[in-house]
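> My structure is below; once you've seen it, I'll send some questions.
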């Protein structure tokens, strides 16, 4: 049984919409209201599909009232009905967009987004690309797209992901990244810095096993390798490079201190050996060329310095990486970039997805590909009809905060509606179609708006004198209905009898289409981890592939071909 909000809950929706309209000077956003609602009322999260259109309606009414009567009228309503929401407004001034970027100079800001190309970009990756790219644009700076692809064993790169991520980055940002850096093609740079570290005495080659070194770390004691001479370290380093040592025989460590409070910082590993014979790197010209590979904290730290990165924005789970890299920068005498952290964002409906697991599931046939509409990848979201603008607006609205956030996917959909609704032509798709015959005098054609808000976009002309009509089964079982844009009719079995052309009462309005103006069609819906292929009759059209349409009484969809639409959202 579907959930229905009571009057108290509906009033709360209205009050939150009014509060948001006051804060945004008559331009309330459904996504912002939904985000605030779900943050405080976790019990409502399972009902996002019902709540989203109600919030959108409340926001539209609040914005309309602000336009007609001014913000003071909205403040008066809250003063009378929900004064606590005004108090919240007075205590905290609104800050638009992203927070100020600290220690930034116009034209000098350099940021980076550094995915592992073991698969294309996901919804979560979009956050890093959007936030860093937005700051780069605001400060007339640069955004670097850097592929951190130095692990060919645990997370082997996917060859096709490099170009796909570049395309996705440009689509998402609206411009090309200013620089492309591929870590696996810069191994000599990391070797140079490793040798410098060994020669200057703040790095060493450690031959202890992982288990043995773990005991030293726990006991806060130094391993014997730490006292190697610089000459011995270089000799052992060469043994790593020439294959004398095998994977697991030795690692290069950064000297910190073995009594540091945080165990993760104690002489942390910087480079190790990989079995690239069994696990060659997939990039041309690399393959099994290198035996020694930098670990991410070392590689990233060196590359940030070489590329002149001024600001790093990343998850708070990487705070230990910052601490490790800061110690390395101190050894080299470098200045560490300004660093900002964000917390985790969880979308209720998606649960947990990892790129590695998605890749395994695709390779096993569980999903059709990276653009399978059940997946939270950018290619899947794009295929479904989620726009780059909606993704940018979603992430910018959430901002940069270390607080962990849980949001419904309807918040993203609300942003998408604002981006697509004004352009999406209306189209009829009849689910569980029932063929009916119309009885009564009527014109030979009926003109229906392409878009109700834009008369200049023309009409869709239905031919009425060449056979039956199609309506949905649930409408077929009603005694009286109104054929949208045409006539009130009474239903008797398969016969529709015209009662009136003007709307005469409150009978339900239904979508419909003449048989001659339709064709067999499929609506693809991804829901609850399943793909549903709904067969029906769709109004004939000539919209090109990729066109966003609003299917009457169903929701938005993206045209895949002249007889197939993938459902986007309601």
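All of the numbers you see were taken from the coordinates with simple rules; none came from a lab. Quick caveat, the model's predicted, so the values are computed rather than measured. Glycine gets a Cβ as well: all are built from the backbone with ideal geometry, and neighbour counts include every protein chain shown.
> State, in angstrom, two size descriptors of segment 426-569 derived from its alpha carbons: Rg to one decimal place and Dmax to the nearest whole number.
Over segment 426-569's Cα set, Rg and Dmax evaluate to 15.1, 48 Å.
> Rank-order 515-523, 281-289, 117-125 by packing density, defined as the average count of other C-beta atoms within 10 Å over each peptide's residues, highest first.
117-125, 515-523, 281-289
> So for the chain: antiparallel DSSP bridges make up what percent, rounded to the nearest 5?
For the chain, the DSSP antiparallel bridge percentage is about 70.
> Normalise the Debye intensity by I(0) for the chain, one equal point scatterer per Cα, no solvent, then take log10 at q = 0.08 Å⁻¹ and round to two decimals.
Once normalised to I(0) and log-transformed, intensities are -0.70.
> When only Cα pairs under 8 Å and 6 or more residues apart are kept, what is the percent relative contact order across segment 426-569?
Over segment 426-569, the number comes to 24 percent.
> Using the per-residue mean of other Cβ atoms lying within 10 Å as a proxy for protection, in what order, highest first, do the peptides 299-308, 558-567, 70-79 fall?
Highest mean packing first, the order is 299-308, 558-567, 70-79.
> Here's something else I'd like to know. Taking square-rooted eigenvalues a ≥ b ≥ c of the alpha carbon gyration tensor, is segment 406-482 rounded, prolate or oblate, where a/c under 1.5 means rounded and, failing that, a/b exceeding b/c means prolate?
Note, shape of segment 406-482 comes out oblate.
> What order do you get for 480, 184 when you list them from fewest to most C-beta neighbours inside 10 Å?
Starting with the residue having the fewest Cβ neighbours, the order is 480, 184.
> Using mean Cβ contacts within 10 Å as the protection proxy, how do 336-347, 24-35 order, highest first?
So the order, starting with the most tightly packed, is 24-35, 336-347.
> Nearest 500 deg cm²/dmol is fine: what mean residue ellipticity at 222 nm does the chain get from its DSSP H runs of n ≥ 4 alone, each adding -39,500 (n - 2.57), divided by its residue count?
Helices in the chain give a 222 nm mean residue ellipticity of -11000 deg cm²/dmol.
> Now for a separate question. Just report the Cα centroid separation between segment 472-500 and segment 368-433, whole Å.
35 Å
> Let a ≥ b ≥ c be the square roots of the eigenvalues of the Cα gyration tensor of segment 7-91; is it rounded (a/c under 1.5), or, if not, prolate (a/b larger than b/c) or oblate?
The shape class here is prolate.
> Report the extension gain between residue 10 and residue 209 in nm, rounded to one decimal, defined as 0.36 nm multiplied by the number of residues separating them, less their alpha carbon distance.
Using 0.36 nm per residue and subtracting the Cα-Cα distance, I get 65.4 nm.
> Can you tell me the relative contact order of the chain? Whole percent, Cα pairs under 8 Å, sequence separation 6 or more.
Once normalised by length, the contact order is 11 percent.
> Further question: Where a ≥ b ≥ c are the square roots of the eigenvalues of the C-alpha gyration tensor, would you call segment 109-252 rounded, which needs a/c under 1.5, or, failing that, prolate if a/b is larger than b/c, or oblate?
In terms of gyration-tensor shape, prolate.
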